[in-house]
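Structure, as structure tokens:
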Amino acid sequence: QGLYSSVVCPGLVMSNMTYRILPVFLWKLLMPIMWLVSGSTAVFVKAPLARLASSVWLFKQKPEYLDSLVKYHSCTSGLGRCYVEPRKMDVDEDTAEKLYQKLLELEEQ
């Protein structure tokens with residue numbers, strides 16, 4: 001029917017939504033560690049708007065050429081450059097196909 005579905009991950013983004021997960025004093029203790037870790041991992045996205053990188057990139061792609069078993073991650077290099085990194089999801093293709101067929105059956109009902 002021309003519908004496609006893809007999975008995106010915005011990465012770890014420090015925003016006002018993130019701060020509600022833990023008490024404020026705990027964030028103050030964790031922030032120095034988070035900034036140290038951010039230099040060694042690409043999924044810690046420092047700029048809140050950078051988390052849209054994977055969504056915008058995905059929007060610009062032709063969906064029929066994308067791999068449905070891949071999750072597209074928003075990443076940031078050590079120098080702050082945003083990029084998208086595809087990572088294979090740990091999905092059993094037979095189970096996924098059975099689920100899809102069951103959804104089609106339910107749709108017909």
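The values are calculated or read from the model by the stated rules, or taken from the named source; none is laboratory data. Quantities reported herein were computed from a predicted structural model and do not represent experimental measurements. Note that we place each Cβ from the backbone using ideal geometry, even for glycine, and neighbour counts take in every protein chain shown. For accessibility, only protein heavy atoms count, side chains too; no ligands or nucleic acids. Shrake-Rupley method; radii C 1.70, N 1.55, O 1.52, S 1.80 Å.
Hey, among the residues in the stretch 68-87 that are among the charged types (D, E, K, R) and in contact with a strand residue (DSSP E or B) (Cβ under 6 Å, 6 or more places away or on another chain), which one's most open to solvent (accessible area, probe 1.4 Å)?
Within the stretch 68-87, the subset among the charged types (D, E, K, R) is 71, 81, 85, 87.
Now drop any that are not in contact with a strand residue (DSSP E or B) (Cβ under 6 Å, 6 or more places away or on another chain), which leaves 71, 85, 87.
On the way: K71: 66, E85: 58, R87: 85 Å².
Among those that are among the charged types (D, E, K, R) and in contact with a strand residue (DSSP E or B) (Cβ under 6 Å, 6 or more places away or on another chain), it is R87.
Residues to consider are E97, E107; find the one that is of a type outside the set (G, A, S), surrounded by fewer than 10 Cβ atoms within 10 Å (Cβ to Cβ) and closer than 23 Å to G2 by Cβ. Before the answer, list the steps.
Details: E97 fails: surrounded by fewer than 10 Cβ atoms within 10 Å (Cβ to Cβ).
Only one candidate passes the filter, namely E107.
What about K46, is it among the basic types (K, R), over 20 Å from L3 (Cα atoms) and at pLDDT below 85? If you could, list the steps in order and put the result at the bottom.
Values: among the basic types (K, R): yes; over 20 Å from L3 (Cα atoms): yes; at pLDDT below 85: yes.
For K46, the condition - among the basic types (K, R), over 20 Å from L3 (Cα atoms) and at pLDDT below 85 - is met.
If the Cβ limit is 8 Å and pairs must be 6+ apart or interchain, which residue in the stretch 96-109 that is under 16 Å from S68 (Cα atoms) pairs with which residue that is surrounded by 11 or more Cβ atoms within 10 Å (Cβ to Cβ) and at pLDDT below 90?
Pairs that qualify, where the first residue is under 16 Å from S68 (Cα atoms) and the partner is surrounded by 11 or more Cβ atoms within 10 Å (Cβ to Cβ) and at pLDDT below 90, are A96/L69.
Kindly indicate the residue of the stretch 55-94 that is of a type in the set (A, V, I, L, M) and without any contact (Cβ under 8 Å) to a residue 12 or more places away in the chain and also nearest to S6 (Cα to Cα) among those meeting that condition.
In the first step, residues of the stretch 55-94 are kept if they are of a type in the set (A, V, I, L, M); the result is 56, 58, 66, 69-70, 79, 84, 89, 91.
From what's left, without any contact (Cβ under 8 Å) to a residue 12 or more places away in the chain: 56, 79.
Values: V56: 12, L79: 28 Å.
In this case the residue turns out to be V56.
One residue is enough: does the stretch 50-66 have a residue meeting the conditions at pLDDT 85 or above, of a type outside the set (S, T, Y), open to solvent by 60 Å² or more (accessible area, probe 1.4 Å) and in a strand (DSSP E or B)?
Within the stretch 50-66, not a single residue is at pLDDT 85 or above, of a type outside the set (S, T, Y), open to solvent by 60 Å² or more (accessible area, probe 1.4 Å) and in a strand (DSSP E or B).
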